[in-house]
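*Asks:* Here you go, one structure.
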Amino acid sequence: MNQPIKRRDFLTGLTAAGAALALPAAGRGSLPTAPVAVAKCNTYGREMVDTLERMFDQIGGLGRLVKNKTVALKINMTGDTWQRLGFHPAGSTHFTHPATLGATVHLLGKAGARRIRILEGPIAWGESLEEAMYNTGWDVSTFTNAAPKVEYVNTNLPYPGKKPYIRVEVPKGGLLFPAYLLNTAYEECDVFVTLTKVKEHATAGITLSMKNSFGITPCTIYGDRAGEDEPYPVPYGGRGSIIHYGSRQPTKIAPPEIDPNSPRQGGYRVPRCVADLCAARPIHLAILDAIETMAGGEGPWVRGSRYCRPGFLTVGTNCVTVDAVTMAIMGFDPMADRGKPPFENCDSTLKLAEDLGIGTRDLNQIEVIGTPIAEARFDFRAVPGGLPPRTSGPGRPAKRPPAGHCVARREVRRLAVLLSDPIGSFSRRASVLHIGVQLCEALPHH
């Protein structure tokens, strides 16, 4: 179960894409680079489908990458399925938008993908990915019917069969962990695609194509209250205690972190984890949506976050170059390091990814196709209604409530949503009992 993945197996789709994929860059250590397509787009209707198809053609075409291949499509459903920013649907702010998901599945199928697997690990969700989508208000049949063979995997759960998890080694030894255990679905694919929103992030500064890979770590191993010796069959919380703050190690079947004396600060740990994962499980195609999104944070739980309509898309085959161009459109300098926006309190994931040889963040080494950066630019920090960046200072985490209080507050909200459904399914009623147990364990005992 813990045999390392052969890196060349992950790069099969990358090789198939031919000249459209990473090319040696001049200077700066000859870091890999690849073109990035940029386009303005204001709606999620036909305009968006046509725009995406044109952008894929601009970077070399989908067919050369996905024809007759199994494609793993990682989406983003960060937070709980019921959370909203004001009255905006989750897909308009912090989730992958269902329209971009349907369009991407359709275009992958049109390009000849043999099988498309939609992957995500919704936080503390012990049921199927389809059920999480229904709970969000999505019509799953829209995605199922968009291509000939579409499957769904909740990657927070063990993969069915004799091989629930696979081990991926980080090249150059890793920055936070030397290797990670992932759901086997991340191995059983030829091409790995990431599809997510363009957002700022309270811990990592930004969350773009690379940060979406943070969610490939299963919470049964890396999540709060994960088993000490063996993974639990279902997840019980997010990745705060193990990855964000390092207050404990992952389940023992996974390797421990490299340096237990390293800073116990999310702004140090999360960017390193993300860079590790992007090196160990390479991304072959990155698709970023900023038609509608949010500024000021990654989800509605971040104070000062607010809805906005930047009206652009970015696409490319190297996750670092895509994130660098997207950062520039957001009004940030992709060459910035800790202490400069948007990395006031964290290290730069892009710089760390450069250190691992994934790609370049130097705009002088990246070809931009379509809309120029200056024409697409949308200053995220200028969106009205925000708060100044937190000032906890480099190396010092912002103050947080006790862990039990955080769990209790989240579970009370989930319980209220579940109890509001008078008809709910058996699994939903069972969830009420499960949440009650979590509340009893989370609240202080006197």
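*Asks:* Can you tell me how much longer the chain between ARG46 and TYR134 gets when fully stretched, taken as 0.36 nm per residue apart minus their C-alpha distance, in nm with one decimal?
*Replies:* Net length gain for the segment: 29.3 nm.
*Asks:* Just tell me which aspartates and glutamates come within less than 16 Å, Cα to Cα, of LYS69; anything on the same chain fewer than 8 places away is out.
*Replies:* In chain and number order, the partners are ASP9, GLU151, GLU187, GLU188, ASP190.
*Asks:* Moving to a separate point now. Tell me, ASP347, ASP139, ASP362 in order of fewest to most beta-carbon neighbours within 10 Å? Walk me through the numbers before you get to the answer.
*Replies:* Values: ASP347 24, ASP139 12, ASP362 19.
Starting with the residue having the fewest Cβ neighbours, the order is ASP139, ASP362, ASP347.
*Asks:* Continuing with this model, one more query. Lys/Arg Cβ at +1, Asp/Glu Cβ at -1, dipole of the range 7-400 taken about the Cα centre: which of ALA111, THR321, ALA185 is farthest positive-ward?
*Replies:* Projecting each Cα onto the dipole axis, the largest value belongs to THR321.
*Asks:* Of the options VAL170, PRO372, TYR152, report the single residue whose Cα projects farthest towards the positive end of the charge dipole of the range 7-400 (beta-carbon charges: Lys, Arg +1; Asp, Glu -1).
*Replies:* VAL170
*Asks:* Listed highest first by mean packing, meaning other Cβ atoms within 10 Å per residue, what order do 236-246, 187-197 come in?
*Replies:* Descending mean neighbour count gives 187-197, 236-246.
*Asks:* Another question about this same structure. Pull up all non-local amide H partners of GLU367: gap of 5 or more, or a different chain, and H-to-H distance under 5 Å with H placed in the peptide plane.
*Replies:* Amide H neighbours of GLU367, under 5 Å, 5+ apart: ALA34, VAL36.
*Asks:* Search the structure for amide H atoms under 5 Å from the amide H of PHE312, placed 1.01 Å from N in the peptide plane, and list their residues when 5 or more places away or on another chain.
*Replies:* Amide H neighbours of PHE312: CYS41, ALA290, ILE291.
*Asks:* Something else now. If you place +1 on the Cβ of every Lys and Arg and -1 on the Cβ of every Asp and Glu, how big does the dipole about the Cα centre of the range 150-258 come out, in debye to the nearest 20?
*Replies:* The dipole magnitude comes to about 220 debye.
*Asks:* From the backbone phi of the range 53-64, what are the Karplus-calculated ³J(HN,Hα) couplings (6.51 cos²θ - 1.76 cosθ + 1.60, θ = phi - 60°) in whole Hz, Gly and Pro given as x?
*Replies:* Whole-Hz 3J(HN,Hα) from phi for the range 53-64: 4, 5, 5, 4, 5, 5, 9, x, x, 6, x, 5.
*Asks:* Further question: Could you tell me the calculated FRET efficiency between LYS340 and ASN261, based on Cβ-Cβ distance and R0 = 30 angstrom, to the nearest 0.05?
*Replies:* E(calc), rounded to 0.05, equals 0.65.
*Asks:* Projected onto the charge dipole of the range 7-400 (+1 at Lys/Arg Cβ, -1 at Asp/Glu Cβ, origin at the Cα centre), which of VAL66, HIS88, ILE253 gives the Cα projection farthest towards the positive end?
*Replies:* ILE253
*Asks:* In debye to the nearest 20, how big a dipole does the range 7-400 give about its Cα centre with +1 on each Lys and Arg Cβ and -1 on each Asp and Glu Cβ? Mind dumping the intermediate values first?
*Replies:* Numbers: 44 positive and 38 negative charges, 68 e Å.
Using Cβ point charges on Lys, Arg, Asp and Glu, the range 7-400 gives about 320 debye.
*Asks:* Express in nm, to one decimal, how much length is gained between ASN68 and ASP379 on full extension, taking 0.36 nm for each residue of separation and deducting their alpha carbon distance.
*Replies:* Here the answer is 107.9 nm.
*Asks:* Further question on the same structure: When the dipole is taken about the Cα centre of the range 264-308, and only Lys, Arg (+1) and Asp, Glu (-1) are charged at their Cβ, what size is it in debye, to the nearest 20?
*Replies:* On the way: 6 positive and 4 negative charges, 64 e Å.
Roughly 300 debye for the range 264-308.
*Asks:* Which aspartates and glutamates have a Cα lying under 14 Å from the Cα of LYS172, excluding residues fewer than 8 positions away in the same chain?
*Replies:* ASP276, GLU354, ASP355
*Asks:* Same structure again: Under 19 Å between alpha carbons, and skipping anything fewer than 8 positions from LYS67 in its own chain: which lysines qualify?
*Replies:* Qualifying lysines at Cα under 19 Å: LYS110, LYS149.
*Asks:* Another one. Modelled label-to-label distance, SER247 and ASP57, 7 Å Cα→beta-carbon offset: nm?
*Replies:* 5.3
*Asks:* Amide H to amide H, which residues 5 or more places from LYS69 or on other chains are under 5 Å from it, using H placed in the peptide plane?
*Replies:* Here the answer is ARG114, ARG115, since their amide H atoms fall under 5 Å of that of LYS69.
*Asks:* Something else: Give a residue-ordered list of calculated ³J(HN,Hα) values for the range 264-270 (Karplus: 6.51 cos²θ - 1.76 cosθ + 1.60, θ = phi - 60°; whole Hz; x for Gly, Pro).
*Replies:* 8, 10, x, x, 8, 7, 4
*Asks:* While we're here: Where Rh is the Kirkwood radius over the Cα pairs of the range 108-157, the temperature 20 °C and the viscosity 1.002 mPa s, what D in µm²/s does Stokes-Einstein return?
*Replies:* Rounded, D is 186 µm²/s.
*Asks:* Further question on the same structure: Give me a comma-separated list of calculated 3J(HN,Hα) values for the range 194-200, in order, Karplus coefficients 6.51, -1.76, 1.60 applied at θ = phi - 60°, integers in Hz, x for any Gly or Pro.
*Replies:* Per-residue couplings from phi come out as 10, 9, 7, 7, 8, 8, 7 Hz.
Values in this text are rule-based calculations from the coordinates and carry no lab data. Because the structure is predicted, anything quoted here is derived from the model rather than measured. When we count neighbours, we look across all protein chains shown, and the Cβ atoms used for this are built from the backbone with ideal geometry, even at glycine.
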